[in-house]
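The values are calculated or read from the model by the stated rules, or taken from the named source; none is laboratory data. Values in this document were obtained by computation on a predicted structure and should not be read as measured data. When we count neighbours, we look across all protein chains shown, and the Cβ atoms used for this are built from the backbone with ideal geometry, even at glycine. Heavy atoms of the whole protein, side chains included, go into the accessibility calculation; ligands, DNA and RNA do not. Shrake-Rupley method; radii C 1.70, N 1.55, O 1.52, S 1.80 Å.
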Amino acid sequence: MGETLRNIGTRARRVDALEKVTGRARYVDDLELVGMLHLKALTSAHAHAELLSIDTRAAESMPGVFAVVTGKDVPGENQIGVQIADQPLLASGKVRQMSDRIALVAADTAEHAEAAVRAIKVEYRPLPVITHTDEALAPGAVKIHENGNVMTKKQVIRGDVEQGFAAAAAIVEDVYEVNYQEHAYLEPNGCIAIPEPDGGVTIHASAQAPFYIQKAVARVLGVDYARVRVIQATTGGGFGGKEDYPSEPSACAAVLAMRTGRPVKFVYDRAQDLAWSTKRHRMKVTNKIGADGEGRITAAQVRIDCDAGGYTGLSAIVSERSNSTAFGPYRTPTARVDTYVVYTNNLFGGAYRGFGTPQTTFAMEAQMDELAARLGLSPAEIRRRNILGPGDETTTCQKLTESVPGIETFEAALARSGYEQKRREFEAFNQTSRWLKKGIGIGACMYGGGLHAGGQFLEGSGALVHLRPDGSVLVSIGGTELGQGAFTVAAQCAAETLGVALEHVRVTPSSTDFVTDSGPTVASRTTVMSGNAVIDAARQLKGRILEAACELYGVPADEIELREGQVLKRDGTRLGSLKELANTAFAVKKVNLSAQGWYAPPRKTWDNARGNGDAYSSYCFAMQVAEVEVDLRSGRTRVVRVTAAHDVGQVINRTLIEGQIEGGVVQGVGYALMEDLKLDQGRCLNPSFTDYLIPTTLDVPEVDIVLIEQPHSAGPFGAKGIGEPSLIPAAAAVANAVSEAVGYRFRRLPLTPERVLMSLEEAGKLR
Amino acid sequence: MAIDIVRAENLEHALELLARDGAQARPLAGGTDLMLRLRAGRLAARTLVSIADLSDLAYVREQADRVELGALTRVADLITHPVYSREFPAGARAARDFASPQIRNRGTLGGNVGNASPAADNVPPLITFGATVTLQSKRGGRSMPIEDFFEGPGRTRAAPDEMIVGFQVPKRPGAFQFFAKFGSRNANVISIASAALCLRLDGETVREARVAYGCCAPVPLRARRVESYLSGQRLDERLIAGVREAVLGDIKPIDDVRGSRRYKELLVINATEDALRGALESVRKAA
Ligand SMILES: Cc1cc2nc3c(=O)[nH]c(=O)nc-3n(C[C@H](O)[C@H](O)[C@H](O)COP(=O)(O)OP(=O)(O)OC[C@H]3O[C@@H](n4cnc5c(N)ncnc54)[C@H](O)[C@@H]3O)c2cc1C
């Protein structure tokens, strides 16, 4: 660049701020169309059963009912599985989880649809319900799918772990288990399907991945991708929960829209959303690590049992991230990972911010503390001795080269939080305090930005940028705006590259009609992928108009600069306005003022059998320190402060980055302390915000943020992703702090007051 | 099934409507409980008598020996009203720990009591103050101790045509008051359990003890064993150590999604011990 950045590293106001805070933004449920019908679904009464019969006759003749459909009515393929074709859109033959749809009703009102759903009669033959991966894997367990209960098995093999353990001075081995986490986005799932005269369909959906919906709808309708237009409606949060899942309601609505010839709206209420949509996976993590007398890890071994629920969904990909990065930011000279993705009849596991790593991070970070205690080292010191640096190899034998500030980020978190001193202070405090105990804990993570090598067929993103004859700019990206600020970042990248004032850039709602399949908005990839694609398009446009400017002003193109809507000479002399230039370029010179941008990272190599290779294009580090107070009378934990040091490459928008980090920390605090879905025979017992508790503003700790900027050449202006790293270490840090406060190692999440108090009571630690 | 919502213009009108529709009618105050049940299809009533306009029933009045609270007094008012928070700090504490600002601004004391949840946070302190509830119908008025008002979850001793109009709360000058609510987060949480104590002390001797627990029985519970265990006794570590048995004798919590029986037992035992320690500390400080 060489030039000063005007729109990067700023606190630019979000492009969608006003419409959202004033309530003008229109979400799916705000949209009403003439003749629109309402869809309601009948879901299974059992978590595991044979489906004997479905009788929809009574429902069909109910008032206001336009159509009732079951699996046999799906015009294309009755299949929704994104990765493996194991999930029918509408149950056929068998049900495998409570959220399996038996039938769909479209009626003139939601009430009529609901009444008709209740009139559908279904006969089941219940089968034994598998409620834990251990049960699913036990010999003789009932098979959920014909090919058994192990959906897939993955591994990483690095050197000889047995030799590594033989060289260890201390070894710790333990089992950790974590419960589900619900995304709890503000807006439940919702979509509208509109049948088009040409035989196609338009979908407006609250979603993260319009291209997934396009493929799913095309599949169930049996039509071309080109006839399925998916437009992302204003989306009230996703956090991964709207990666693959919205394909399900969208496909349902599409089937009924085609059947009735009318627009069909399918909006979930909170209880449905909580019970039906995907969750962060339950996992059982058996972690064994060994270190030499100096505390340097010699061997690391883990077995991961991932509870997928009844179908594959994204579980195989989610668990690939657990598999490839199970040991966090540490050097593992020898390592072995065995990951089993297992079917059960529990809730449907899926994508959730962090994608399989908060679970393994919780286990690994606890084990690091245990190992440190065994060796008489402080938790900080053992980490310091093992954190990966430039030139080191990851567990998957990938050499880290560019922008690897692991230790810098770590030391920044320690220094800023005053870790060592506080640890001593708290220890002294706990000596005399009977009920209130203080603790400080570390959570560390190294996150691979973008999609895993195994998913790189999806890794590429497009953008479409138009320069209008008045000098304003219209941007479309293949990524989506979920509240994280992607559209603002896209606008900043366009403004910076084209020298346009930010307020003259508009970002359109994402639509599959505008750009090429850009993959999903996940994996903390959108700033990098869509940002680079926007820059690519904007640079093409810039080249074309500079050429026009060169002719217009008689100044060589490389002497001309575009800045905030002005055309300037390098020395600052004003030549004209971008408006005038754009208009002349368009009207007189007939320059094409639209450009398609594209970005895809270099191909990665991956050996599936050994789990070796370049798992991710680049990595970023996230180091958090949590300070807690635990009340031994109630078991309640208060998180007082979280110091969050993050390696972000280059800040694009400071306010947005801080928002991401604060939000991620809070979700991590919820995961650590309170979010606790309860199940009975596969049925969710607390599908409401009355009993599934997430943090309120009064539960939010002070979040002290430190940003480490070491630009990465592949990022837009050097930026790396931040979406997920902000959450991943938080629960581990909090859990370590709680364990340290009360002198008892917790190996399950969440640490609800009840779990803390009852565990201590059972361990005889209370009286 | 259609539901009529009728706005009562004044108390007579409300009582008229309740008398007319009997078991089919329910008073509607802030609606923070009722509307949820209505939406969930768990409401038997056919007529909702909105009493929200009866502003005469929203008051906190100080008398020489007691404080009178109107049924429509909002939970938020219990926090801000100087008389209530001065005379009944534990009551004000319960109001502060209640829900969120939005719900406190709508939810009423009459509704909290009328809803008859074992988790109603304002009730245990009121039991310990010896509050009475005043009912009114076209047939006349009556009152009873608040702890006798509840029959079970969602069931009260009010007849279908009767409405709560207010509460009489005897002042407890100099008494040691305590309230603690337990939930998994700091706001907007239904109690896992709650505990309230009001102790009249004479030096280190407990002259009178009133104790109540939330979520420990089908109704907000007055803990009479704990009260008699404490009354007339010297407040010391020995007394505190022995309270556990009395608590377990009084309470019958159940296992549910919010917590196990064992956990609830531990919570109220710990809270009771904590309250007693606090009381001991306060008399020692005063001495
Ligand atoms: C998000 C949320 C959080 C909440 N948190 C708490 C909490 O922390 N603690 C807690 O205790 N409660 C809580 N609640 C429950 C509720 O807010 C309280 O019980 C509130 O006091 C009810 O008052 P209301 O005026 O809204 O009652 P309404 O909903 O209007 O009525 C409740 C019931 O009482 C009856 N009723 C109302 N007024 C009278 C009257 N004058 N005479 C006879 N019967 C009457 C109604 O017929 C109905 O059966 C919460 C509710 C919500 C939605």
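Taking the helices alone, chain B has a mean residue ellipticity at 222 nm of -10500 deg cm²/dmol, built from -39,500 (n - 2.57) per DSSP H run of at least 4 residues and averaged over all its residues. Note on residue A:270 and residue A:26: their simple-model spin labels are 2.6 nm apart, each label 7 Å out from Cα toward Cβ. I'd like the per residue volume of the convex hull spanned by the Cα atoms of the stretch B:176-286, given in cubic angstrom. About 93 Å³ per residue, rounded to a whole number. When both the stretch A:71-135 and the stretch B:20-99 are represented by their alpha-carbon centers, they are found 44 Å apart.
Is the shape of the stretch B:4-170 best called rounded, prolate or oblate, per the rule: a/c under 1.5 gives rounded, else a/b larger than b/c gives prolate, else oblate, with a ≥ b ≥ c the square roots of the Cα gyration tensor eigenvalues? In terms of gyration-tensor shape, prolate. Over 23 Å apart at the Cα level, from the set A:153/A:284; A:40/A:72; A:215/A:542; A:20/A:215; A:153/A:604; A:94/A:121, are A:215/A:542; A:20/A:215. Is the stretch A:626-688 best put as rounded, prolate or oblate by its Cα gyration tensor, with a ≥ b ≥ c the root eigenvalues, rounded for a/c under 1.5, and otherwise prolate when a/b is larger than b/c, oblate when not? Oblate, because a/c is 1.5 or more while a/b does not exceed b/c.
Accessible surface buried at the A:B interface totals approximately 2100 Å², computed with a 1.4 Å probe on protein heavy atoms.
Expressed in Å, the radius of gyration and Dmax of the Cα atoms of the stretch A:681-767 are 18.6, 58. Note on the protein assembly as shown: with neighbouring protein chains present and a 1.4 Å probe, carbon and sulfur make up 49 percent of its accessible heavy-atom surface. Shielding value for B:178-187 is 6, the average number of Cβ atoms from other chains within 10 Å of each residue's Cβ. Counting only the Cα atoms, the protein assembly as shown fills a convex hull of 196 Å³ per residue.
Heavy-atom accessible surface of the protein assembly as shown, averaged per residue, reaches 37 Å², computed with a 1.4 Å probe. In summary, the aspartates and glutamates within cross-link reach of residue A:678, defined as a Cα separation below 17 angstrom excluding same-chain residues under 8 places away, comprise A:177, A:182, A:273, A:307, A:691, A:754, B:255, B:256.
Using a cutoff of 8 angstrom between alpha carbon atoms and counting only pairs six or more residues apart, the relative contact order for chain B works out to 15 percent. Distance from the alpha carbon centroid of the stretch A:254-300 to that of the stretch A:306-359 works out to 10 angstrom. With chain B treated as a Gaussian network of Cα nodes joined by springs under 10 Å, which of B:109, B:267, B:43 yields the largest mean-square fluctuation? Among B:109, B:267, B:43, the largest GNM mean-square fluctuation belongs to B:43. In the stretch B:247-271, comparing the full protein assembly with the chain on its own, the residues that lose 50 Å² or more of accessible surface at a 1.4 Å probe are B:257, B:263, B:266, B:270. When you filter the trypsin sites (Lys or Arg not before Pro) in the stretch A:93-189 for DSSP loop state and at most 16 other Cβ atoms inside 10 Å of their Cβ, you are left with A:143.
The charge dipole of chain B, taken about its Cα centre with unit charges on the Cβ of Lys, Arg, Asp and Glu (plus for the first two, minus for the last two), comes to roughly 480 debye. Under the simplified labelling scheme, the residue B:286-residue B:46 pair shows an inter-label distance of 5.7 nm, with each label point 7 Å from Cα along Cα→Cβ.
In the stretch A:718-767, the residues whose accessible area drops by at least 10 square angstrom when the other protein chains are added to the isolated chain are A:753, A:754, A:757, A:758, A:761, A:767; the probe is 1.4 Å and only protein heavy atoms count. Given their separation in residues at 0.36 nm each and the Cα-Cα distance between them, residue A:18 and residue A:761 gain 262.4 nm when the chain is fully extended.
Restricting to Cα pairs below 8 Å that are 6+ residues apart, what does the relative contact order work out to for chain A? Please round to a whole percent. Worked out over chain A, it gives 16 percent.
For the stretch A:338-381, the residues whose amide N sits under 11 Å from a probe point set 7 Å from the Cα of residue A:286 along the beta carbon direction are A:338. The residues packed around residue A:25, meaning those with a beta-carbon under 13 Å from its beta-carbon, carry a net charge of -2 if Lys and Arg are +1 and Asp and Glu are -1. When both the stretch A:650-701 and the stretch A:735-757 are represented by their alpha-carbon centers, they are found 18 Å apart.
Counted by Cβ distance under 10 Å from residue A:585, the other residues give a net charge of 0, where Lys and Arg count +1 and Asp and Glu count -1. Here the simple spin-label model places points 7 Å from the Cα toward Cβ, and for residue B:63 and residue A:224 these points are separated by 8.5 nm.
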